[in-house]
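Peer 1: Pasting a structure below so you can have a look.
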Amino acid sequence: MRGTVAVRTLRRRTAFWAYAAFGWLVVSFGWHLWMGIDYRAAMGDEGGVPVWGFLVYDGVITAMSAIGAVLALAAVRPWGRRLPPWTVRLPLWSGAVLLLVRGVPGLVENLTTVTGLTPYGLLGTAEQPADLSSGGFWTGMVINTYFFVGAVVMLPLAVLHGKGLRAAGGTGGPSGQEKSAA
C-alpha cells in the first residue's frame, strides 16, 4: 500500500512541476517570438550586436522554449514514455542548469544592488552606481526574476523525472503508469 501512495505522490508532484514548466516555457516562447518579430524595439538603440546575430540568438531561444515545452509535457504524458528516456532527461537538466546559471546571479545582483550592498554591481565593476529610479534597472530585475522562476520550475521537474525513471526501472515516465496503446 505504501508503494502505491508513494507512486501517486511522485506522479502528482511531477505533474505539478511539468505543467508549471510548460507554462513558463510557453510564455518564454511567446516572448521571444515577439522579440524576433519586433526586433528593432527588442534590440534598442545600442547597436552593439548586428541584426542577424540578434535574430539567430532569439531564434535559438524560441526553438529551445518550444522544444522544452513539449519535453515538459513528455515527462508526464503517456506519449512521452515512447521516447527514449535520455531524450527527455538530458534537455530537462540542460534547461534547468542554463536557467540556474542565468537566473540566480542576475537576481542576486539586483537584490544586493537594491539593498545597497553592491551599488556598483555584484563584482563592483560598474563605472557608476546603479540608478534605482531608472526603468532599465527594474526591467532588468523583472527579466532576472523571470529567469530565476524558470530555474525554480525546471529543476524540480528534472529531479522528479529522474526519480520517476529510477522508480520505473529506467523505462520512462514516473513509476506506476501503465503503458497505453494510445
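Peer 1: For the chain, what does the helix formula give at 222 nm: sum of -39500 (n - 2.57) over DSSP H segments with n ≥ 4, over the residue count, nearest 500 deg cm²/dmol? Mind showing how you got there, number by number?
Peer 2: Values: 5 runs with 128 residues, N = 182.
So the calculated ellipticity at 222 nm is -25000 deg cm²/dmol.
Peer 1: Mind ranking Leu73, Leu132, Leu90 by accessible surface for me, highest first, 1.4 Å probe? Write out the running numbers ahead of the final one.
Peer 2: Numbers: Leu73 35, Leu132 65, Leu90 105 Å².
Putting Leu73, Leu132, Leu90 in descending order of accessible area: Leu90, Leu132, Leu73.
Peer 1: Of the residues Gly121, Gly53, Gly68, which exhibits the maximal mean-square fluctuation in a Gaussian network model of the chain defined by a 10 Å Cα contact cut-off?
Peer 2: Gly53
Peer 1: Any chance you could run the full-extension gain for Val149 through Val26? It's 0.36 nm times the residue separation minus the Cα-Cα distance, nm to one decimal. Walk me through the numbers on the way to the answer.
Peer 2: Values: separation 123, 0.36 × 123 = 44.28 nm, distance 1.35 nm.
Contour length minus Cα-Cα distance gives 42.9 nm.
Peer 1: Cut-off 10 angstrom, C-alpha nodes, Gaussian network model of the chain. Which of Ala21, Ala66, Ala42 fluctuates the most?
Peer 2: Ala42
Peer 1: Putting +1 on Lys and Arg Cβ atoms and -1 on Asp and Glu Cβ atoms, find which of Trp52, Asn144, Leu92 reaches farthest to the positive end of the dipole of the range 37-144.
Peer 2: Result: Leu92.
Peer 1: Note the listed values [x] -0.23, -1.10; [y] -0.38, -1.27; [z] -0.34, -1.06, then indicate which one is log10 I(q)/I(0) by the Debye sum over Cα atoms at q = 0.08, 0.17 Å⁻¹ calculated from this particular structure.
Peer 2: Matching entry in [x] -0.23, -1.10; [y] -0.38, -1.27; [z] -0.34, -1.06: [z].
Peer 1: Taking θ = phi - 60°, what integer Hz values does the Karplus form 6.51 cos²θ - 1.76 cosθ + 1.60 yield along the range 74-86, in sequence order, with x for Gly and Pro?
Peer 2: Result, ordered by residue: 4, 5, 10, 9, x, 5, x, 6, 7, 7, x, x, 5 Hz.
Peer 1: Between Asp131 and Val108, what length comes free when the chain is fully extended (0.36 nm per residue of separation minus the Cα-Cα distance, one decimal in nm)?
Peer 2: Numbers: separation 23, 0.36 × 23 = 8.28 nm, distance 1.66 nm.
Full extension of this stretch gives 6.6 nm more.
Peer 1: I've got another one for you. Charges on Cβ only, +1 for Lys and Arg, -1 for Asp and Glu, centred on the Cα centroid of the range 57-140; of Ala66, Thr125, Val114, which one is farthest towards the dipole's positive end?
Peer 2: Ala66
The values are calculated or read from the model by the stated rules, or taken from the named source; none is laboratory data. Since this is a predicted model, take the numbers as computed values, not measurements. Heads up, the Cβs are rebuilt from the backbone with ideal geometry, glycines too, and the neighbour counts pull from every protein chain shown. Note: areas computed on protein heavy atoms with side chains; ligands, DNA, RNA excluded. Shrake-Rupley method; radii C 1.70, N 1.55, O 1.52, S 1.80 Å.
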